[in-house]
């Protein structure tokens, strides 16, 4: 008797997990990101756009932290930051918390470009919800916000149970940005 087909897709058993997985795959796919960048009317590579999105969401960051957030190597971050610096979209400033480290931060022009990227995301969501009732759109917003907060809290609890991983991750980040 033959075993299970090794090429058969393995679906989530929880419909919400499948839906969220599909949404995340679509939203963060390179093609979709390129469409969003194009929709914002800016010429940026994928790495540079991702850097702007992260800096817009989180504020100034060390290069090592950006590498960890974007799951990219230090050379990719360095090249992306250099391109953005040359375009006047980001600047590198001393970290006021220790004076030795360097933070990557948006310039005024970088904030404007980044806001255009976020505006495209807002338009996409508005267009998707345009055929929904106001009540359905409000319900999704409330429930998605609640789910997001709870999922982030759960992820934080999972990370706190794995101290070895977080220590290694923090050390790698420190090595990447030269603070180790």
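Throughout, read-outs are computed from the coordinates displayed, never taken from laboratory work. Computed from a predicted structure; not experimentally measured. Note that we place each Cβ from the backbone using ideal geometry, even for glycine, and neighbour counts take in every protein chain shown.
Using a 7 Å offset from Cα along Cα-Cβ at residue 46, what residues in region 71-96 end up with backbone N under 15 Å from the label point? Residues 71-73, 76-77, 80 fall inside that zone.
Per residue, the average separation of C-alpha pairs within less than 8 Å and at least 6 apart gives the chain a relative contact order of 22 percent. For the options 44, 55, 72, a Gaussian network treatment of the chain with springs between C-alpha atoms closer than 10 Å singles out 72 as fluctuating the most.
Taking 8 Å as the Cα distance limit and 6 or more residues as the minimum spacing, I'd like the relative contact order of region 25-77 as a percentage. Before the final figure, lay out the partial values.
On the way: 23 pairs, mean separation 12.7, N = 53.
With pairs under 8 Å counted, the relative contact order is 24 percent.
Fewest to most neighbouring Cβ within 10 Å: what's the order for 134, 119? Don't skip to the end; give the middle numbers.
Details: 134 8, 119 13.
Listing 134, 119 from fewest to most nearby Cβ atoms yields 134, 119.
Packing order of peptides 75-83, 5-13, 142-150, highest average first: 75-83, 142-150, 5-13 (average count of other Cβ atoms within 10 Å over each peptide's residues).
Think of it as helices only: each DSSP H run of n ≥ 4 in the chain is worth -39500 (n - 2.57), and spread over all residues that comes to -22000 deg cm²/dmol at 222 nm.
Distance between the 7 Å Cα→Cβ label points at residue 29 and residue 118: 2.6 nm. Rounded, prolate or oblate: which fits region 1-54 when a ≥ b ≥ c are the square roots of the eigenvalues of the alpha-carbon gyration tensor, with rounded for a/c under 1.5 and prolate only if a/b beats b/c? Cα axes put region 1-54 in the prolate bin.
Rounded, prolate or oblate: which one fits the chain, using the alpha carbon gyration tensor with axes a ≥ b ≥ c (rounded when a/c is under 1.5, else prolate when a/b beats b/c, else oblate)? It comes out oblate by the Cα gyration axes.
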